[in-house]
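The values are calculated or read from the model by the stated rules, or taken from the named source; none is laboratory data. Here the structure is a predicted model, which means the values were calculated and not measured. Quick reminder, even Gly has a Cβ in these numbers, built from the backbone with ideal geometry, and neighbours come from all protein chains shown. Heavy atoms of the whole protein, side chains included, go into the accessibility calculation; ligands, DNA and RNA do not. Shrake-Rupley method; radii C 1.70, N 1.55, O 1.52, S 1.80 Å.
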Amino acid sequence: MSKEHNITLIPGDGIGPEVTTSARSVIEAAGVKVKWDVVEAGAKVMDEYKTPLPDYVLESIKKNKIALKGPVTTPIGSGFRSVNVALRQTFNLYANVRPIKTYEGIPTRYDNVDLIIVRENTEDLYAGVEHKIGDYAAESIKIITKEASTRIAKFAFDMAEKQNRKKVTAVHKANIMKYSDGLFLNCAREVAAAHEDIPFEDMIVDAMSMKLVQTPEKYDVLVMPNLYGDILSDMAAGLVGGLGVAPGANIGDDIAVFESIHGSAPDIAGKNIANPTAAILSGVMMLRFIGEMEAADKIDNAIKAVLKEGKVVTVDLGGKASTDEFTEEVVKKIG
Ligand code: ATP
């Protein structure tokens, strides 16, 4: 009998409530006992709390240490640059982990993609140091520190070791940004030197983009500064079927928030057509993180089976199933 877990659930905006409801039902169907603390954030709480990120959200996460989160949009004029960035910075969730994996049955051009993007999550151009210079110029400052670069490189190598991955590639643009990306690269090299068991290489971000499109199967763990991670993870999601199937996690020293790569997708919100796979797989990552390995495997296998059969899949994957129908099919396969 597994123990009960206290987990914060943030349904979020747009398709968030639909896909997190799906993830929640699947996790419960796999027999995991969870006491969900459901807390609302984003556009829907703005009127009442004058902030998209009320204190009760932060308190719930601080208390439970684990959260499953839907996409949260940052309302214009809220005084926030981004709720997501604020959450990552408040809890120092320095590692953004985004596995990109081929699932049989999903129509794509590639067969054997299995890579993990490890994105530094706290600095770079996301540090929010930006200003206007009069009306005709502006500056955004790219901050790269030795501490954060070494920490993310260590995270990538530790993960590679634990998960028996083949190689770590550091992605950068150190030929142009010699100081900032140069520092990131040096830190990655130093950490690599202490992990001789894992092959290491580095690649300039533009070349990396081309190689990922040509031969994604040759890459394994990719570690990079914040902005490149944002861009390459959407691109890499496209290699395996799109944003509907790409999960993610934001991990810090004692708190972790699990969320899909995709945003709130307002174009399809409330229509019961969003693909909940990314949210469910984020839930699978969460279950592995909290030690619920058996339930995680059950769900992963059920997703694999449903996608492989291809009969009950959502519109983004060429099917006709609704979010609910897909969820029911996954639950059925869990048995
Ligand atoms: P953000 O800036 O908040 O990350 P975005 O501009 O990248 O958001 P998304 O909200 O992620 O945009 O959506 C991009 C496109 O992908 C949309 O057209 C949306 O319909 C599609 N999409 C995103 N998530 C899903 C999903 N789970 N199922 C189906 N389609 C999706």
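Points worth noting:
- Value at 222 nm in deg cm²/dmol, rounded to 500, when DSSP H runs of n ≥ 4 in the chain each add -39,500 (n - 2.57): -12500 deg cm²/dmol
- For the chain, with all protein chains in place and a probe radius of 1.4 Å, 52% of the accessible heavy-atom surface sits on carbon or sulfur.
- For Asn6, residues with placed amide H under 5 Å, excluding near neighbours: Lys35
- For segment 247-325: span of alpha carbons on each principal axis (Å, largest first): 40, 29, 15
- Sequence of Met208, Met235 from largest to smallest accessible area, 1.4 Å probe: Met235, Met208
- Cα-based radius of gyration for segment 1-131, normalised by 2.2 N^0.38 Å, reads 1.21.
- Segment 93-153 shape via C-alpha gyration tensor axes, a/c threshold 1.5: oblate
- For a label point 7 Å along the Cα-to-beta-carbon line of Lys146, residues of segment 197-212 with backbone N under 15 Å: none
- Accessible area (Å², per residue) of the chain, counting only protein heavy atoms and a probe of 1.4 Å: 45
- Pairs of Lys residues in segment 109-239, spaced 8 or more positions apart or belonging to different chains, with C-alpha separations under 20 angstrom: 16 in total.
- q = 0.06, 0.16 Å⁻¹, the chain: log10 I(q)/I(0) [Debye, one scatterer per Cα]: -0.20, -1.47
- Debye-formula intensities of segment 132-201, expressed as log10 I(q)/I(0) at q = 0.19, 0.28 Å⁻¹, are -0.74, -1.21 (one equal scatterer per alpha-carbon, no solvent).
- The Kirkwood hydrodynamic radius of segment 109-239, based on inverse pair distances between different Cα atoms, is 15.3 Å.
- DSSP beta bridges confined to segment 109-239 are antiparallel in about 30 percent of cases.
- With Rh defined as the Kirkwood radius, the inverse of the mean 1/r over Cα pairs, the Rg/Rh of segment 1-78 is 1.02.
- For Lys271, a cut-off of 15 angstrom between C-alpha atoms picks up these aspartates and glutamates, skipping any fewer than 8 places away in its own chain: Asp13, Glu18, Asp316, Asp324, Glu325.
- For Leu53, residues with placed amide H under 5 Å, excluding near neighbours: Gly42
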